[in-house]
Amino acid sequence: MPEQAVLDRPLAPLGADGRRLWAELGAAGRIGRVYRRGDPAAGVDPERLGELMAALDRTETIGSTLAVCVQIATAVPLLTLSPGPGPVAAALAEAIAGRAVIALAATDEGSGSDLLGLGTRVDIGDDAIEVTGEKRWITNATQADHFLVLGRHRNGRHFTSFSWALVPASAPGVSVRPADTDLFDGSGTGHVSFDGVRLSRAHLVGRPGRGLAAFAAHIAVERLAGALWGVALCRRVLADTRAFLTSRRHAEGTLWELDSLRQRFAGCLLRAHQLQALTRELAERVSHHDTTAAALLKAASGTTVPHVLTECAQLQGAEGFASGGAQRLRTEAALFGVGGGTTEVVLSVVAGAADRLLAELGPQESASPGTTKKPETRGHDDP
């Protein structure tokens, strides 16, 4: 079957939960295809990631798409930090095949985006680890086979005090309850408690003390996926809104002929194009873990997508309140300004890199003939 036909074919029945969708993607080989050379350790291919996010947006709910996005951009690549044989490598292989769902359990009860304030502990002994704490608003929580848990292994608000652990959902001491929300159908969002869960040291992911560094690098790619998804979502809703305005009669013409509505629509179209342009410019850099560029993208999508969907919901009038209509999408689109770091948090990162970003607004150096300028990358110690 031609590649475009595969992309256009519905991935699962509309409204299917994220677990079923993930299984179908894995069975079709479409999880591994998102990564360079099919290897999550090599990073995502931005073009293929964009194709997948657009395909998901065409046919799936926001909740089911979210369930895929968090795994494919962050959780699965993080598992490559433990390349040797063992439970982590086994979970990675199962996840790429779509046979296992990995829930990224970073956000703690009470700490929100303040990861240095995490209370969840990953206590490390000579032969075993013990995980204790509670994670809140975790995507895929109710449908996960494993939880990738970020916790502190020592006290203090220091960047090196945190580590990752892979906790089987079936382990004694793990309990899950669904989040109290009727939004994000298919995402499996819930709260997870870990009550003295004991596992072998082989369940540590990456080196102890590198938990926040790894999170900072890999959440950047989730922000890229979110921006690519945001462009696709804006395009779809804008197209639906224009179809509505051009078909709805008003006086001797249609609503589309009212200049005030056309201008509001045009403003949304402008914002969507600006987000697309920024995403195209920064995609390669972010795929190489440039965290400042990722913060720019996250701030742009976190302000653009809610604005565009709110305007479109208003432009569609009473029709926007239909089941699954623009008003529902508008409410769920608030996710773009919260998940993966609130807009306020990422704008602080942008402000911290003001000197670098101001310099980038100046004249661009041209590469010598026959050469390609390599994208600049940044690690966790960016301003």
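Can we say Val68 is crowded, with 16+ Cβ neighbours inside 10 Å, closer than 16 Å to Ala214 by Cβ, modelled with pLDDT of 95 or more and in contact with a Gly (Cβ under 9 Å, 6 or more places away or on another chain)? Against the criterion (crowded, with 16+ Cβ neighbours inside 10 Å, closer than 16 Å to Ala214 by Cβ, modelled with pLDDT of 95 or more and in contact with a Gly (Cβ under 9 Å, 6 or more places away or on another chain)), Val68 does not qualify. The set of residues from region 283-298 being in a helix (DSSP H, G or I), open to solvent by less than 40 Å² (accessible area, probe 1.4 Å) and in contact with a Pro (Cβ under 9 Å, 6 or more places away or on another chain) comprises Ala283, Arg285, Val286, Ser287, Thr292, Ala293.
Among the residues of region 19-36, those identified as part of a loop (DSSP other than H, G, I, E, B) and either open to solvent by 20 Å² or more (accessible area, probe 1.4 Å) or among the charged types (D, E, K, R) (or both) are Ala28, Gly29, Arg30. Determine if region 251-261 includes at least one residue that is assigned to a helix (DSSP H, G or I) and under 23 Å from Ala54 (Cα atoms). The answer is no, given that none of the residues of region 251-261 is assigned to a helix (DSSP H, G or I) and under 23 Å from Ala54 (Cα atoms).
Can you tell me which residues in region 306-332 are farther than 19 Å from Thr59 by Cβ and either of a type in the set (Val, Ile, Thr) or open to solvent by less than 10 Å² (accessible area, probe 1.4 Å) (or both)? Val308, Thr310, Cys312, Ala313, Gly320, Thr331 - these are the residues of region 306-332 that are farther than 19 Å from Thr59 by Cβ and either of a type in the set (Val, Ile, Thr) or open to solvent by less than 10 Å² (accessible area, probe 1.4 Å) (or both). Gly230 passes every criterion in (1) open to solvent by 10 Å² or more (accessible area, probe 1.4 Å); (2) touching a residue at least 40 places away in the same chain (Cβ under 8 Å); (3) within 29 Å of Thr107 (Cβ to Cβ); (4) touching a helix residue (DSSP H, G or I) at 6+ places or on another chain (Cβ under 8 Å) apart from (1). Taking region 44-55 as the range and being touching a strand residue (DSSP E or B) at 6+ places or on another chain (Cβ under 7 Å) and surrounded by fewer than 22 Cβ atoms within 10 Å (Cβ to Cβ) as the test, only Asp45 passes. Keeping to region 266-282, report how many residues are aliphatic (A, V, I, L, M) and either open to solvent by 70 Å² or more (accessible area, probe 1.4 Å) or not in a helix (DSSP H, G or I) (or both). Residues that pass the stated criteria total 2.
When Ser170 is tested against (1) buried (at least 21 other Cβ atoms within 10 Å of the Cβ); (2) out of contact with any Phe, Trp or Tyr (no Cβ under 6 Å at 6 or more places or on another chain); (3) modelled with pLDDT of 95 or more, only condition (1) is not met. Scanning for something more than 24 Å from Ala90 (Cβ to Cβ) and either at pLDDT below 95 or small (Gly, Ala, Ser) (or both), does region 138-148 turn up at least one residue? No: zero hits. Within region 248-270, the presence of a residue that is of a type in the set (Lys, Arg) and closer than 30 Å to Asp114 by Cα is excluded. Within region 136-147, the residues that satisfy the criterion of being assigned to a strand (DSSP E or B) and either under 15 Å from the mean Cα position of the chain (by Cα) or farther than 19 Å from Leu212 by Cα (or both) are Trp137, Ile138, His146. With respect to (1) open to solvent by 30 Å² or more (accessible area, probe 1.4 Å); (2) assigned to a helix (DSSP H, G or I); (3) farther than 21 Å from Leu228 by Cβ, the lone exception for Arg58 is condition (3).
Restricting attention to region 197-227, which residues are outside any helix (DSSP H, G or I) and either open to solvent by 30 Å² or more (accessible area, probe 1.4 Å) or among the charged types (D, E, K, R) (or both)? Arg198, Ser200, Arg207, Pro208, Arg210 - these are the residues of region 197-227 that are outside any helix (DSSP H, G or I) and either open to solvent by 30 Å² or more (accessible area, probe 1.4 Å) or among the charged types (D, E, K, R) (or both).
The values are calculated or read from the model by the stated rules, or taken from the named source; none is laboratory data. From a predicted model like this one, the values you see are computed outputs, not experimental measurements. Neighbour counts are summed over all protein chains in view; Cβ atoms, including those assigned to glycine, are modelled from backbone coordinates with ideal geometry. Heavy atoms of the whole protein, side chains included, go into the accessibility calculation; ligands, DNA and RNA do not. Shrake-Rupley method; radii C 1.70, N 1.55, O 1.52, S 1.80 Å.
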